[in-house]
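Asks: Got a structure for you, questions after.
The values are calculated or read from the model by the stated rules, or taken from the named source; none is laboratory data. Since we're looking at a predicted model, the values are computed, not measured. In this analysis, Cβ positions are derived from the backbone assuming ideal geometry, glycine residues included, and neighbour counts consider all displayed protein chains. Each accessible area value is taken on the protein alone, full model and side chains, heavy atoms only, with ligands, DNA and RNA left out. Shrake-Rupley method; radii C 1.70, N 1.55, O 1.52, S 1.80 Å.
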Amino acid sequence: MAREPKLVILKLDGDFEQQGFQVSLEISAEGQRPSVEEIGYLPPAPDLVALLQQWQQHYRQLGATTRITPKEIIYTGSVNRLEECRQSAQKLGDRLVHWFESPSFRAIELRLREALDVQDPIRVLVRSPQRQVGRIPWHLWEFIDRYHQSEVALSPAKAAQVQAPPRTPTGAVKILAILGNPGKINTTPDRQLLETLPQAAVTFLIEPQRQEVYDHLWHQPWDILFFAGHSQTEGDRGRIYLNPDDSLTLEELKYGLRRAVQQGLQLAIFNSCDGLGLAYELESLNLPQLIIMREPVPDQVAQQFLNYFLEVFSRGDSLYLSVRKARERLQGLEGDFPCASWLPVIYQNPTVTPPTWEALQGVSPQQITISPTVSSPLMLVGRTGWRSLRTALTIGLLSAGLVMGGRSLGWLQRWELQAFDSLMRLRPHQSLKDSRILVIAINQDDRDYQADQGMELQDSLADAALLKLLQKLVPHSPRAIGLDVLRDAFSPELDAYLQTFDRFIAICRMKNFYNDLSGVRSLEGVRPPESQLPIDQIGFTNVPLDPDRVLRRQTLGMESDAICPTHLSLNFQLALHYLQDEGIELIPPKAGKLQLGSTVFRQLTPRAGGYVLTAGDVGGFQILANYRLVNPQQVSLREILDGTLDENLPELVGDRLILIGVVDGEQDLHLTPYTSDQSTASTAGVLVQAQMTSHILSAVLDQRPQIRWWPEWLEWLWIAGWAVVGSALIFFVLSPRRQFAAVFGGIALLFTLCFSLFLYGWWIPLVPALLGLLLASGGVVVWSGHRPAEPLATSDSP
């Protein structure tokens, strides 16, 4: 049973500096007179105001691209400024929590906990003539955090009653969306989101003239007003920019907004301005509800909040709970945008009860009326016929069979691999560099420098340059050094030096074949350099390419051949050296598994995940490569050879793995899941080797989830299950309009599940399950359109 919504009003009279605040508490059921009243006290806290101002200063100095620019600040991306903002936020939050824990405020806390249950939907209105009260982040109050169905809103100290006029039900929420002059921001995602809202009639004014805005506000009734675009605050006044030549202050928009309120405007969303100043300026208009941003808002935060909010609000959640959910989801952006979850806030007329999405449509939620003898969905099925249900489920299973058959033939592999790449790119927290690895990059400037120094170049690296480089690196105790440059031989001086350092790894390449879109091509083998290096200081660089030539797999080991005598890859050799120093030894492979310490690597199979490969395609011990978005740290060869980094070498080199290789060559370039969309340049081979080495170290030392896959029988069950879900959605949801919403919801749930599991390392079928759902739901729609009509005991209107 749904719980009765509760309203909590806190009236704060006083100030921060001298008196403190007398706090009056009222608790009531929604729409009723208060049943609980209490008086408490919050002590003076001038330091809280100082901390608030300090945080505001640090926040605004970040200078990220915002939808409001109170100052022209160029974004520097300063890590120090980010950290300063986080620290000032932490201090403000700690002080605020301490303030709420004041003994004089305890009576309020106790009455709240006595009168309310943690499961109650609760609206908390904070009312005070002291405007600094609205600036503090009230959501940090422990009561709001503990009562997870609650949300806090600001409310004017004085407000007039708003009487909404009677409206003719239209079945759609009427939205006026003003997309003003964008300046440097992107309003396209806002428009795309509004266009996809269910049961909404959206009118867009794109860079309108001033008279257009007046006419639409004056002559038509609206449920929601939305604005996105460039704006700024001038003193205490907000200005919105309609087009490159025209702008309006809120004072100039006052009569149009007042008319809109008189005609029934319920909610205004200003996804742009310095919101509290805007709310105070609009106070006299008695707007029922505003959703605003308390501080300048970064473009990405504004777009994501709107996305999160409308997603849950249009699905049926209350306005307050929708704002809370959207606000809390912004925490995922706080790595780049500190305090993003502090920004959204509701400004509420206390005389108005917030509407739901269905109430804005002007119609009651559609109900299925079942006769008294029918008390469950199964009995409803009995009315429509078990035969029809069996047919719908049969369509689902047949759809699953078609998808499984096509998948077995490899028809879906390309799509599945592209979906895999998309999931990789969507993962958060993959941007940190692996500080255990350093890449010494060689480019044209480094080749020119070697030539200028009279060094005889062999490919891109002279023996004299390599010898000098090693003489600079080795004294600082690197864990190992890998040379990702193919060489025929080393000079006698270099070869002699290498005998004194047993952690240098050279490379060779085995002869093998790989597939690409134009057919099967042969890759010639390359011998290791002629030197006295033992076999355990040689690693192969062969990598397995997928049919679209994207590198998603890595080979740890394979049988050596006459050209390349080693059986371990360069990246695996480097990782083993690092892990041996950590006391972690390799346990020989057994039954498709390889173990390092407590970490087990599972060998790739021909039918792993979305792959349909031959046994030859997965030769050797292959695993799925788990890339990071950012490559390890790089320095140039020249910076080390000319002494520029001499003072920093102990920190750069000590206790690290070093990889040396060319980063600007045209031959050794690879597509990865992060570059397979062709939006960025291909990745140099030495960086790929560094990424693969990082993958092994992170899995073993950091317990970073590896990418795994289900057994084939479980994948078949998963695909069949989603096909049955698709057929059931259409069969049980009788309204055509709701059928579309149900299928869309099923797709969203499928993606959410697949992405959530992918974050934990599980690659499960997304494309086949999606095709099964769509094919089955479409099949049931077609079948339903041709079968004879059967009587239903329902009043569900289309």
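Asks: Among DSSP beta bridges lying fully in the chain, give the percent that are antiparallel, nearest 5.
Replies: Just about 45 percent of them are antiparallel.
Asks: Pick the calculated Cα Rg over 2.2 N^0.38 Å for this structure from (i) 1.03; (ii) 1.16; (iii) 1.23?
Replies: Only one listed value fits the structure, namely (ii).
Asks: Residues with beta-carbon under 11 Å from that of residue 311, excluding residue 311: net charge, scoring Lys, Arg +1 and Asp, Glu -1?
Replies: Net charge around residue 311: +2.
Asks: Residue separation times 0.36 nm, minus the C-alpha to C-alpha distance between residue 110 and residue 17: what's the value?
Replies: Residue separation times 0.36 nm, minus the Cα-Cα distance, leaves 30.9 nm.
Asks: Pairs 91/158; 11/91; 468/593; 433/590; 325/433; 433/468: which exceed 29 Å Cα-Cα?
Replies: Details: 91/158 32 Å; 11/91 25 Å; 468/593 41 Å; 433/590 32 Å; 325/433 31 Å; 433/468 27 Å.
As for pairs spanning more than 29 Å Cα to Cα, those are 91/158; 468/593; 433/590; 325/433.
Asks: Hey, another quick one. Using 1/(1 + (r/R0)^6) with R0 = 30 angstrom and r between the beta carbons of residue 283 and residue 191, what's the FRET efficiency to the nearest 0.05?
Replies: E between residue 283 and residue 191, to the nearest 0.05, is 0.55.
Asks: So for the stretch 412-557, considering every pair of alpha-carbon atoms, how many percent are separated by more than 23 Å? Before the final figure, lay out each step's value.
Replies: Numbers: 5544 of 10585 pairs.
For the stretch 412-557, the fraction of Cα-Cα distances above 23 Å is 52 percent.
Asks: Among 471-484, 747-760, 5-18, how do they line up from the highest to the lowest mean number of other beta-carbon atoms within 10 Å?
Replies: For the peptides 471-484, 747-760, 5-18, the packing ranking is 471-484, 5-18, 747-760.
Asks: Determine, from the Cβ-Cβ distance of residue 591 and residue 422 and an R0 of 22 Å, the FRET efficiency 1/(1 + (r/R0)^6), rounded to the nearest 0.05.
Replies: With a Förster radius of 22 Å, E is 0.10.
Asks: Roughly what would the spin-label model give for residue 83 and residue 759, points 7 Å off Cα along C-beta, in nm?
Replies: The answer from the label model is 2.7 nm.
Asks: Straight-line reach from residue 511: which aspartates and glutamates have Cα under 15 Å away, leaving out those fewer than 8 places along the same chain?
Replies: Straight-line reach from residue 511, under 15 Å: 524, 559, 561, 617.
Asks: Could you work out the helix-only [θ] at 222 nm for the chain, with each DSSP H run of four or more residues adding -39,500 (n - 2.57) and the total divided by the number of residues, to the nearest 500 deg cm²/dmol?
Replies: -11500 deg cm²/dmol
Asks: Expressed as a whole percentage, what fraction of the accessible surface of the chain belongs to carbon and sulfur atoms when a 1.4 Å probe is rolled over the protein heavy atoms?
Replies: 53 percent
Asks: Can I ask one more? Of the peptides 548-555, 125-132, how do they stack up when ordered by the mean number of other Cβ atoms within 10 Å, highest first?
Replies: Details: 548-555: 21.6, 125-132: 16.9.
In decreasing order of mean packing, 548-555, 125-132 become 548-555, 125-132.
Asks: On average, how much accessible surface per residue is there in the chain, in Å², for a 1.4 Å probe, leaving out ligands, DNA and RNA?
Replies: Result: 45 Å² of accessible area for each residue.
Asks: Residue 603 to residue 651: extension gain in nm, 0.36 nm per residue of separation minus the Cα-Cα distance? Don't skip to the answer; put the middle values down first.
Replies: Details: separation 48, 0.36 × 48 = 17.28 nm, distance 3.62 nm.
Length gained between residue 603 and residue 651: 13.7 nm.
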